[in-house]
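First the structure, in the form of structure tokens, and then the observations on it.
The values are calculated or read from the model by the stated rules, or taken from the named source; none is laboratory data. For clarity, every value in this text was computed on a predicted model and none was experimentally measured. Positions of Cβ are generated from backbone atoms using ideal geometry, with glycine treated the same way; all protein chains shown enter the neighbour counts.
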Amino acid sequence: VHDFAYGAIGFDGKKPISFLQAEGAKDVGVEIYTLSKTYNMAGWRVGFAVGNKSVIEALELLQDHLYVSLFPAIQEAAASALLDSQTCVEQLVQLYEGRRNVFIEGLRSIGWEVKAPAASFFAWLKVPEGFTSESFADYLLTHAHVAVAAGNGFGEFGEGYVRVGLLTSEERLQEAVERIRTLNLF
Ligand SMILES: Cc1ncc(COP(=O)(O)O)c(C=O)c1O
């Protein structure tokens with residue numbers, strides 16, 4: 001099962017790769033997509049799965065019995081989102097890419113060596129030496145009033161990182177950088 005929630009949000013002209021592009025993908029699995037990220041429809045609970053026939057049939061059986069159906073107006077809105085011009089998606093990707101650029105460049109300018117995300121609206125930042133994900137998230141909150149998510153909450157490979165959502169304006173992201181700068185950590 002490939003979770004392709006951020007399939008539309010790739011930066012620097014790159015497009016995230018679909019599982020279904022792999023030869024034989026349909027023989028072994030499915031890809032799941034949500035409209036929440038691509039069309040800002042978070043909370044609408046609308047998405048779809050594509051791929052292996054027998055898995056789709058099983059999903060349909062479960063969906064039928066457990067969830068009944070989706071409110072038709074939401075289905076119609078979803079169909080419009082998918083069928084209408086995709087200019088809004090391009091604009092959204094540009095918005096996130098602009099925020100990413102401002103934020104990552106800002107952090108680098110204060111000496112924090114961070115990797116620029118290639119896709120999605122999250123930046124994963126390596127915590128400075130001497131901190132864990134959690135202790136650093138707490139430190140930023142207490143001393144800079146900047147809220148980040150501790151990476152370990154997302155699984156063992158998240159330890160050593162904090163996650164920042166690029167979900168606010170460039171100005172607010174710059175302000176976060178300025179507040180972190182005052183800590184003189186880097
Ligand atoms: C990687 C990933 N997959 C799936 C989802 C779920 O999306 P939705 O709430 O639209 O079902 C999210 C949402 O945060 C996500 O980040």
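All but one of (1) free of Cβ contacts under 8 Å to residues at least 12 places away in the same chain; (2) farther than 30 Å from Ile180 by Cβ; (3) more than 16 Å from the ligand (Cβ to nearest atom) hold for Gln63, so report the exception by its number.
Only one criterion is unmet by Gln63, namely (3).
Just checking, does the range 114-134 include any residue being in a helix (DSSP H, G or I) and farther than 19 Å from Lys14 by Cβ? Reasoning before the result, please.
As a first pass, look at the range 114-134 and keep what is in a helix (DSSP H, G or I): 133-134.
With the extra rule that they be farther than 19 Å from Lys14 by Cβ, the set shrinks to 133-134.
The answer is yes; a qualifying residue exists.
For the range 152-164, what are the residues that are loosely packed, with under 14 Cβ neighbours inside 10 Å and either under 16 Å from the mean Cα position of the chain (by Cα) or modelled with pLDDT under 95 (or both)? Let's see the steps before the verdict.
First, the residues of the range 152-164 that are loosely packed, with under 14 Cβ neighbours inside 10 Å: 153, 155-157.
Those that are loosely packed, with under 14 Cβ neighbours inside 10 Å and either under 16 Å from the mean Cα position of the chain (by Cα) or modelled with pLDDT under 95 (or both): Gly153, Gly155.
Of the residues Val89, Val55, Val28, Val50, only one is under 19 Å from Phe122 (Cα atoms) and of a type in the set (Val, Ile, Thr); which?
Details: Val55 fails: under 19 Å from Phe122 (Cα atoms); Val28 fails: under 19 Å from Phe122 (Cα atoms); Val50 fails: under 19 Å from Phe122 (Cα atoms).
Step by step, each of Val89, Val55, Val28, Val50 is checked, and only Val89 is under 19 Å from Phe122 (Cα atoms) and of a type in the set (Val, Ile, Thr).
Being of a type in the set (Phe, Trp, Tyr), farther than 12 Å from Leu166 by Cβ and touching a residue at least 12 places away in the same chain (Cβ under 8 Å) narrows it down to one residue among Phe136, Phe121; which is it? Before you say what the answer is, go through the steps one by one.
Values: Phe121 fails: farther than 12 Å from Leu166 by Cβ.
One residue alone meets the criteria, Phe136.
Matching residues to (1) over 26 Å from Lys14 (Cα atoms); (2) surrounded by fewer than 15 Cβ atoms within 10 Å (Cβ to Cβ); (3) in contact (Cβ under 8 Å) with a residue 40 or more places away in the chain:
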site	(1), (2), (3)
Leu141	yes, yes, no
Ala150	yes, no, no
Arg181	yes, no, yes
Phe186	yes, yes, yes
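For the range 20-49, enumerate the residues that are in a loop (DSSP other than H, G, I, E, B) and either away from the ligand (no atom under 11 Å from the Cβ) or of a type in the set (Phe, Trp, Tyr) (or both). Break it down into steps so the answer makes sense when it comes.
To start, the set of residues in the range 20-49 that are in a loop (DSSP other than H, G, I, E, B) comprises 22-24, 29, 39-46.
Those that are in a loop (DSSP other than H, G, I, E, B) and either away from the ligand (no atom under 11 Å from the Cβ) or of a type in the set (Phe, Trp, Tyr) (or both): Ala22, Glu23, Gly24, Gly29, Tyr39, Trp44.
So, in the range 2-19, how many residues would count as being away from the ligand (no atom under 11 Å from the Cβ) and not in a loop (DSSP other than H, G, I, E, B)?
From the range 2-19, those away from the ligand (no atom under 11 Å from the Cβ) are 8, 10-19; that's our starting set.
When the remaining residues are screened for being not in a loop (DSSP other than H, G, I, E, B), the result is 10, 19.
Matching residues across the range 2-19 total 2.
May I ask you to list the residues in the range 13-45 that are β-branched (Val, Ile, Thr), within 15 Å of Ile56 (Cα to Cα) and surrounded by fewer than 16 Cβ atoms within 10 Å (Cβ to Cβ)?
Within the range 13-45, the first condition is being β-branched (Val, Ile, Thr), and the residues that meet it are 17, 28, 30, 32, 34, 38.
Going one step further and asking which of them are within 15 Å of Ile56 (Cα to Cα), we end up with 28, 30, 32.
Of everything in the range 13-45, just one residue is β-branched (Val, Ile, Thr), within 15 Å of Ile56 (Cα to Cα) and surrounded by fewer than 16 Cβ atoms within 10 Å (Cβ to Cβ), namely Val28.
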